[in-house]
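In what follows, a single structure is set out as structure tokens and then discussed.
The values are calculated or read from the model by the stated rules, or taken from the named source; none is laboratory data. Computed from a predicted model, the values in this text were never measured in an experiment. Counting neighbours? That spans all protein chains shown, and the Cβs are built from the backbone with ideal geometry, glycine included. The protein model used for the area step is the full one, side chains on, heavy atoms only, and it has no ligands, DNA or RNA in it. Shrake-Rupley method; radii C 1.70, N 1.55, O 1.52, S 1.80 Å.
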Amino acid sequence: MIPTNVKRPRNVDVPRAAAILYGDWGTSKAYVIGLAFAVAGYASFWLIAAMCVLTALVGLNYVVICRLYPDGGGVYASVRHRSEVISIVGAFLLIADYLVTAAISALSAFAYLGVPHPEKFAAMSILIIGALNLLGPKQTGGLAFLISIPTAIVVVVLGLFSLPHIGEAIGHLQPLHGGFWHNWAGFVGIVLALSGVEAIANATGVMKLDPGSTEDRPSVVRTSTPAILMVMIEVCVFTALLGLAMHALGGLQIVNGDVNAPGAEGVRDYMLRYMGQIFVGGAFGAPFGHIFAVIVSIVFALLLLSAVNTAIVDLIAIQFLMSRDRELPNIFQRLNKWGVPNAGMLLATIVPMALVLMVKDMAGLADLYAVGVVGAIATNLGATSTDRKLSIKTWERTLMFGTFIVMAAIEISLLIDKPNARYFAVTILAVGLILRGLVQERRMKKEAAPALVPERLPVDLVRPMSEAPAPLGGEAILCAVRSAGRTLDFALREARKTGSRLYLLFVREQPFMTEQDIGRKWQEDEDASKIFDEAKQKAGDQQPLFAYAVSPSAAETIVDVAATLGASRVILGAPQRSALINLLRGNVIREVSNSLPEEIDLLVYA
């Protein structure tokens, strides 16, 4: 078996990293502004402004965390070297956050579209997105980048139309009512804008390396820092601007936790759409206001659905990582033929669907939401700021610890004042710890049992390459196969006709790698064994040599193996997948063609 590079490729640049973060962090303004008004009315700007300051503080701290952990700075990875127990608690808090993120993003998307019974559409969308993830992880960076561009344009346009109304908004602005604890409770209730920052920390392991750094000594500062700062500035500035401009809307009334406007009821969950309709309609007439409102609805709905996909992908990934570390049962790392853990996908899909259908309300989901994200961020900041082994400047450590104190206070308030959030977090944590306990118990029993060494038949179905005779001709041909079909027959004929050495390569493509995968033999793969056995029967006297690899990228492996063997030609079969699957999983032929050295010819057999 030819050794291949099984590390995840570092190909996420600044625009894609920023888009991934914006797809979660940037969506908060779509619903948090209306929720803030429902809490504090025409004094809500002060709460929104305080939230934006906290968002900026958290963003600056995660610039440091991404610098310290270039292979993944999410709470589970960054805290694990300090304490496995704390990392487990942080991980399950993050799982709780992702579960509610998927639910609240889907519900908000269809609230903006104004469909009846948005919870039913939201549940169906989660099911569809979860099913699509069975085909493997998408290139979400590029997709998120495409969606983020029109979203940013719409936000800027809405901000420009809001500027003429700032004076009127200031005139409507009221001071905060009640005492400190009353306003603190209101502030704690709208900290949803913090969600998403953990996503960028988890993504450092796939970011492009800085010039001069290596895989052994990685650094991704030139990717992570600009990405965080760009999105942080946009989120803080435009959330504050639009939160203030909202006060220019006259006649808003709080009714049973919702917000009614003149001629429009229940605008709390789609406040930006209503603002666009009023502000643009006031400048160019009602028809243009209606058109712009539709554009806002569609753009934000797409961005919110992209956030659903990101949450599901992150849920699958963290469950897999915990299972690989033997913190969750092995079923969460059993992969289907597309390299996706089915059990992880089912949990990441079914639980958000159930939440949407049971809660049916943005405010209710928001109550469940904050505990997970605030707890995960607080855990990460607290563990990092108190780790004296890390190279952190004094002012960075002080700022991080101070932010941790604020986040810990918010988490305590949430657990005290929001019983539903407390029950949800405790339930997720309890289920997770029970699963972990079962894993630990099984491991202890297995270690205590006497070791049994099963007999293995010494069957060698193929001659090792090291024992192969000298090549018959001056060139080597590499044929990457996925089935025993016409492409295999063509490759055998070409090798026989030219007298060339033929290498048959089977790549088991799966995005998540374990130590067992790296050392897997082709005899253990049913598909590869079937193809190679048929090739041996068809080849006759001129037997091909077989190569097998498990890799997160089939295209990269094909190119690496071709270069290693010094092949003069690479033969690939024309794709038989549908256009939809090619779109979701990428086109191997195109990727190989773009990466193959000039001296190696690519032949596509159709």
Next item on the list: Would you please give the residues with an amide H less than 5 Å from that of residue 505, counting only those at least 5 places away or on a separate chain, with H modeled from the backbone geometry?
Entry: 479, 480, 481, 547
Notebook entry, point to check: FRET efficiency for residue 180 and residue 342, Cβ-Cβ distance as r, R0 = 41 Å, nearest 0.05?
Noted result: 0.25
Check: How large is ³J(HN,Hα), in whole Hz, for each residue of segment 84-99 in order, when computed from phi with the Karplus curve 6.51 cos²θ - 1.76 cosθ + 1.60 and θ = phi - 60°, using x for Gly and Pro?
Finding: 5, 5, 5, 5, 5, 4, x, 5, 6, 5, 5, 4, 4, 4, 5, 4
Note to self: Quick check: Cα centre of segment 151-229 to Cα centre of segment 90-121, how many Å?
What the structure shows: 19
Margin query: Which of rounded, prolate or oblate describes segment 310-401 when judged by the alpha-carbon gyration tensor and an a/c cut-off of 1.5?
Written below: oblate
Notebook entry, point to check: Quick one: which of 445/530; 208/360; 418/445; 120/208; 208/389; 393/418 span more than 30 angstrom between C-alpha atoms?
Noted result: 445/530; 208/360; 418/445; 120/208; 393/418
Notebook entry, point to check: Which whole-Hz ³J(HN,Hα) couplings does segment 28-40 yield from phi under the Karplus relation 6.51 cos²θ - 1.76 cosθ + 1.60, θ = phi - 60°, glycine and proline marked x?
Noted result: 4, 5, 5, 10, 6, 5, x, 4, 5, 5, 5, 8, 10
Margin query: Please report the accessible area of residue 521 (heavy atoms, 1.4 Å probe, ligands and nucleic acids excluded) in Å², nearest 10.
Written below: 100
Note to self: I need the peptides 168-179, 320-331 ranked by packing, meaning the mean over residues of other C-beta atoms within 10 angstrom, with the highest value on top.
What the structure shows: 320-331, 168-179
Notebook entry, point to check: When Rg/Rh (Cα atoms, Kirkwood Rh) is calculated directly from the model, which label among (i) 0.98; (ii) 1.36; (iii) 1.04 fits?
Noted result: (iii)
Next item on the list: Quickly work out the residue 441-to-residue 605 label distance, labels modelled 7 Å from Cα along the C-beta direction, and quote it in nm with one decimal.
Entry: 5.4
Check: Just the accessible area per residue of the chain, please: how many Å² with a 1.4 Å probe?
Finding: 45
Next item on the list: Quick one: accessible surface of residue 117, probe radius 1.4 Å, all protein chains present, in square angstrom to the nearest 10.
Entry: 110
Next item on the list: Evaluate the relative contact order of the chain (contact order divided by residue number), counting alpha-carbon pairs under 8 angstrom at least 6 apart; express in whole percent.
Entry: 22
Check: Can you list the HN-Hα couplings for segment 153-166, worked out from phi with the Karplus curve (6.51, -1.76, 1.60; θ = phi - 60°), rounded to whole Hz and with x for Gly and Pro?
Finding: 5, 4, 5, 5, 4, 5, x, 5, 6, 7, 4, x, 9, 5
Notebook entry, point to check: Which order do peptides 481-490, 293-302 fall in by mean Cβ count within 10 Å, highest first?
Noted result: 293-302, 481-490
Next item on the list: Quick one: which residues, 5 or more positions from residue 569 or on another chain, have an amide H under 5 Å from its amide H? H modelled 1.01 Å from N in the peptide plane, none for Pro or chain starts.
Entry: 476, 478, 601
Note to self: Heavy atoms only, 1.4 Å probe, whole protein assembly: order 395, 25, 46 by accessible area, highest first.
What the structure shows: 395, 46, 25
Note to self: Using amide H atoms built in the peptide plane, which far-off residues or other-chain residues are under 5 Å from residue 328 H to H?
What the structure shows: 323
Item checked: Fully extended contour minus Cα-Cα distance, from residue 574 to residue 536, at 0.36 nm per residue -> 11.4 nm
Note to self: Taking a ≥ b ≥ c as the square roots of the Cα gyration tensor eigenvalues, with a/c under 1.5 meaning rounded and otherwise prolate when a/b beats b/c, else oblate, which class fits segment 28-126?
What the structure shows: oblate
Checklist line | Accessible area of residue 605 in the full protein assembly, 1.4 Å probe (Å², nearest 10) | finding: 50
Next item on the list: Order 438, 134, 54, most accessible first, counting only protein heavy atoms with a 1.4 angstrom probe.
Entry: 438, 134, 54
Notebook entry, point to check: Any idea how far the Cα center of segment 262-331 sits from the one of segment 15-72, in Å?
Noted result: 15
Next item on the list: Using a/c under 1.5 as the rounded threshold, could you call segment 244-311 rounded, prolate or oblate? The axes a ≥ b ≥ c are square roots of the C-alpha gyration tensor eigenvalues, and prolate needs a/b larger than b/c, oblate otherwise.
Entry: oblate
